[in-house]
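Undergrad: Sharing a structure with you now.
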Amino acid sequence: MVTTSIYPHIECDESGTPRIANTRYTVVTLAAEHYYYGWSAEEMLRQQADLWPEQVYVALGYFYDNYQSMLVTLKAMNERGEARLQNLTISRQQLLQWCLVAKG
């Protein structure tokens, strides 16, 4: 028997990224908040007051139904973020020099 999963409130944009329909939120954004911060659906609703409970719950359902692939995506996003931070890090000496220049 073949079953299909239907996720109301989720649509894929032109790049294939699953998003909460008619919002700025991607499913991976909510998944990251849940996975990394440990936020429950209720906490996500407090943090993003413009979402409805059914939107958050369906995003979490999508996350758990696609758990392995979502973890790969989260890990890749985390690695890209870490790489960007490495490029933005300055030494104490560079910071002190910048402060001296800024003071004039």
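The values are calculated or read from the model by the stated rules, or taken from the named source; none is laboratory data. Since we're looking at a predicted model, the values are computed, not measured. No Cβ is skipped: glycine too gets one built from the backbone with ideal geometry, and neighbour counts run over all protein chains shown.
Undergrad: I'd like the residue in region 63-104 that is at pLDDT 80 or above and hydroxyl-bearing (Ser, Thr, Tyr) and, out of all such residues, is surrounded by the most Cβ atoms within 10 Å (Cβ to Cβ).
TA: Here the answer is 73.
Undergrad: Considering region 12-39 alone, what residues qualify as being without any contact (Cβ under 8 Å) to a residue 24 or more places away in the chain and within 13 Å of the chain's Cα centre (by Cα)?
TA: Answer for region 12-39, where residues must be without any contact (Cβ under 8 Å) to a residue 24 or more places away in the chain and within 13 Å of the chain's Cα centre (by Cα): 17, 19, 24, 26, 29, 33, 37, 38, 39.
Undergrad: Return the pairs, sorted by first residue and then second, in which the second residue is at pLDDT below 80, the first residue lies in region 77-104 and is more than 30 Å from residue 35 (Cβ to Cβ), the beta carbons are less than 8 Å apart, and the residues are 6+ apart or on different chains.
TA: That search, which allows pairs on different chains as well, returns 98/90.
Undergrad: Then there's this: Kindly indicate whether any position in region 48-58 is more than 19 Å from residue 11 (Cβ to Cβ) and not β-branched (Val, Ile, Thr).
TA: Yes, the conditions are met somewhere in region 48-58.
Undergrad: Considering region 48-59 alone, what residues qualify as being surrounded by fewer than 18 Cβ atoms within 10 Å (Cβ to Cβ) and touching a helix residue (DSSP H, G or I) at 6+ places or on another chain (Cβ under 7 Å)?
TA: Of everything in region 48-59, those that are surrounded by fewer than 18 Cβ atoms within 10 Å (Cβ to Cβ) and touching a helix residue (DSSP H, G or I) at 6+ places or on another chain (Cβ under 7 Å) turn out to be 53, 57.
Undergrad: Filter region 40-59 down to residues that are outside any loop (DSSP other than H, G, I, E, B) and in contact (Cβ under 8 Å) with a residue 24 or more places away in the chain and give me whichever is nearest to residue 18 (Cα to Cα).
TA: 59
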